[in-house]
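Read-outs throughout are calculated quantities, based only on the coordinates presented, and are distinct from any laboratory measurement. All values reported here derive from a predicted model rather than from experimental measurement. Cβ placement follows ideal geometry from the backbone for every residue including glycine, while neighbour counts extend to all protein chains displayed.
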């Protein structure tokens, strides 16, 4: 069977997915930096802190421990651009994040992004699923995250096949374990 | 290629170029009848299609504004997208998977077979399986349907092999890679299937039959068929004699044109066809054209559908190869001891990663969802398609406020499940879950219906004028030179994918139209 190698899950991301830390993002001025400065995004219209909060929120909505923050940030970065043209979007993001942070401050004595445990952050999100911001991030992410061709190999999805002659000679029927179940 | 004058009142005008309109256009042209097809979308050749789900969705889908109501989950999850159909030459035969099944004999007569079902507006079709047999054969030969006419079926892909192993463990008897209208060997000048996948995105190899690049070119080659693209019909007009005499349409720029016609055949799929009739109201036809029975837009059916996706310890790569080549037909019988009337088919199905995210469990988020997505390459999947009950209250109506860019009221699609639909769906989920668990599935996800691909019944065929919109030839009860030529003429939906039946009915209708025209009855 032609099996594809997906990216191995690193120890760091494994730990992150369990309990250790949500503080992978560093905010400096208008820029947020990923772990080890592996990526960065500079924000003009929304604050870098709000941007980092949105990236965390995106990960908590669709948590894939084998995906780096940059794939979530790729969707969120679009909001900064859009907020430059759309004042109501900019206002909505600011207002809704304030609500989420004040709820998390009340319950967990910390801003949403700074809460260590995923289960507690998700608890805050669950109480805010009616928020227009939540609906927007979820809706944009379910298209934007999974339609990013860079993530496809990490899920074992090969994408376009016609230019390669389809799968006729590339494993459309090569499953080899059915007689063992 | 033919080009007819807009003032030529001797032409047959067909609205829509899919399974019904495209095939009818070919057949009429082959019989020497001057025919104009008005298609709202553009024309794509197989090489133009893209192996990319969202890009393709933007390229070929019908995305005009629509609204939804009723208790179906589609109205909540995809409120502006009640159906997933195509706006292009070839219509939804670009997007269809290729499954080409005949109705079972009893499915032509379900009111007789099932009796009175509370809340359902069942009627028997005014035609039966004996009469349809030769038309089915003609349709299968035109489309190159496998498993018929001595044509060998496709080899099974990985998704099929998992499905087949489960079917055997379940004790099912009738399963195979399907009666697909996809070439397993070169046929009719088209090559054999390359196992590309992406059947829903338009078949790039042309191995799958589509009216767009198979039937219509055969019609055009006669010099009797003209296809006008980007021609959105807004209204059908009639004379003082109550017969239709032309249509009004908008071109790409929004310029309004009139095309005169001897007859008009409506084949815009089951949302647009009733919308057009309702919008063609006049002093003579106050409730809309062909609607003296009040049945236009009613009895909207979409098949009882759902999906089941299963995760296994080892990889499957279910997206490799033909999207829907696999079927179990054992559950399609009518066996009321299961707690519902009618039956359903189980058909293999794979989605790419982007669409799996959108459809696996719409609106869902968090680790339960992403844990499933993480196992995408270990998934197998199937689609459930069964007979749903026609209900008078499930209907297409014109929106009171919203209008499209040409000023035509947009359609609203109202649908609620019948109790029988719900019982059948639950049974199908239970059986398909057991099927996958029998071959070691570690997790099974029961996925709700997608936006409708099988839109049926909104201009239905009936034995008596008061019960439907058209007679047994798809001819309007009220206006004798007006025909319905798509799935909206279905009296009931049966358990089978509808395309083969739409094609067979179009071929049968072409013969009737030709005779009626030559005898000057129309």
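The figures follow:
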item: Cα-Cα pairs of chain B separated by more than 33 Å (percent); result: 35 percent
item: Distance from segment A:122-181 to segment B:259-290 (C-alpha centre basis), Å; result: 42 Å
item: Calculated log₁₀ intensity ratio I(q)/I(0) where the Debye formula runs over C-alpha points of segment B:294-356, q = 0.26 Å⁻¹; result: -1.18
item: Cα shape, segment B:214-254, gyration tensor, a/c 1.5 rule; result: oblate
item: Chain B, relative contact order [Cα under 8 Å, separation at least 6], %; result: 25 percent
item: Surface/4 of the Cα convex hull for segment B:375-427, nm²; result: 7.1 nm²
item: Residue-averaged beta-carbon neighbours from other chains (10 angstrom radius) around B:189-196; result: 4
item: Degrees, to the nearest 10: B:269-279 long Cα axis against longest axis of chain B; result: 30 degrees
item: Between 0 and 90°, nearest 10: helix B:129-143 axis offset from chain B longest Cα axis; result: 80 degrees
item: Between 0 and 90°, nearest 10: helix A:87-108 axis offset from chain A longest Cα axis; result: 90 degrees
item: Separation between Cα centres of segment B:323-400 and segment B:411-460, rounded to whole Å; result: 4 Å
item: Against the rule of thumb 2.2 N^0.38 Å, how large the Cα Rg of the protein assembly as shown comes out; result: 1.00
item: Three semi-axes of the equivalent ellipsoid, chain A, Cα gyration tensor, whole Å, largest first; result: 35, 20, 16
item: Antiparallel DSSP beta bridges within the protein assembly as shown, as percent of all bridges there, nearest 5; result: 70 percent
item: Residues A:174, B:8 arranged by fewest to most Cβ contacts within 10 Å; result: B:8, A:174
item: With 10 Å bins from 0: P(r) over segment B:151-250, alpha-carbon pairs, percent; result: 12, 27, 24, 17, 14, 6, 1
item: Inter-part distance where segment B:60-85 and segment A:50-121 are each reduced to a Cα centre, Å; result: 29 Å
item: Three-way shape label, segment A:66-126, alpha-carbon gyration tensor, a/c 1.5; result: oblate
item: MRE, 222 nm, helices only [DSSP H, n ≥ 4, -39500 (n - 2.57), over chain B, to nearest 500]; result: -7000 deg cm²/dmol
item: Mean residue ellipticity (222 nm) of chain A, computed from DSSP H runs ≥ 4 via -39,500 (n - 2.57), nearest 500; result: -14500 deg cm²/dmol
item: Ranked list, fewest to most other Cβ atoms within 10 Å of each Cβ, for B:24, B:146, B:63, B:278; result: B:63, B:278, B:146, B:24
item: Per-selection Kirkwood Rh - segment B:87-135 (Cα, Å, 1 d.p.); result: 13.3 Å
item: Chain A: relative contact order as a whole-number percent, Cα under 8 Å and 6+ apart; result: 26 percent
item: Residues B:515, A:136, B:208 arranged by fewest to most Cβ contacts within 10 Å; result: B:515, A:136, B:208
